[in-house]
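Below is one structure, written out as structure tokens; the observations come after it.
The values are calculated or read from the model by the stated rules, or taken from the named source; none is laboratory data. Only a predicted model underlies this, so the values are computations on that prediction, with no experimental measurement involved. In this analysis, Cβ positions are derived from the backbone assuming ideal geometry, glycine residues included, and neighbour counts consider all displayed protein chains. Areas reflect the complete protein model, heavy atoms only, side chains present, ligands, DNA and RNA absent. Shrake-Rupley method; radii C 1.70, N 1.55, O 1.52, S 1.80 Å.
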Amino acid sequence: MTNAQTVFETAMALMDELSQNGGQADTSDNKEYKDRSLAILNALSGELYPYSDSFRPEQHCGRPVVPVILDFASAIGLDDYICRSVLPYGLAAQLLLSEDPEASSFCQLRYERLKAGLETGLPAQAQPIQDVYGGIEYGEFSCW
């Protein structure tokens, strides 16, 4: 499973905040971002949990609650697609909100579009259809 550090690093790349030499996300310039990231990731994770393939409705009585992200090494309780594709845009949007509203707006729009794609459900596999009626596949009842 993807951890919070991976999502943070991806968000820093989207925000163009990686160090000039080495492309590191953990720099003194990004400390403020990192300090805010866990709280934002916990909020976004709760919002995205019902769309994750790790969510099982039958396991919940009442409102579903995603496990809390306690540190950057912790695995996020969402599937890897959401963690690597959707969460970084949501995190970047929230981190840029007061500094660069235009970039924040772009990231938020991208986050919302990716989230809307999740609402269509998980990819399904084709299954054979069983003909329970029989006898009509050759047009035997085409005239009444």
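Odds and ends about this structure:
- Set side by side, the residues Val86, Val68 differ, and just one is of a type in the set (A, V, I, L, M) and not in a helix (DSSP H, G or I), which is Val68.
- Scanning segment 29-64 for residues that are at pLDDT 85 or above and among the polar types (S, T, N, Q) turns up Asn30, Ser37, Asn42, Ser45, Ser52.
- Hits in segment 108-134 (condition: more than 13 Å from the chain's Cα centre (by Cα) and at pLDDT 95 or above): Leu109
- Hits in segment 1-27 - residues which are open to solvent by 50 Å² or more (accessible area, probe 1.4 Å) and more than 27 Å from Val68 (Cβ to Cβ): Asp16, Leu18, Gln20, Asn21, Gly22
- Test set (1) small (Gly, Ala, Ser); (2) outside any helix (DSSP H, G or I); (3) free of Cβ contacts under 8 Å to residues at least 60 places away in the same chain - Ala43 fails condition number: (2)
- Any chance Ser37 is among the small types (Gly, Ala, Ser) and crowded, with 16+ Cβ neighbours inside 10 Å: yes
- Selection within segment 71-86 - open to solvent by 40 Å² or more (accessible area, probe 1.4 Å) and of a type in the set (A, V, I, L, M): Ala73, Ala75
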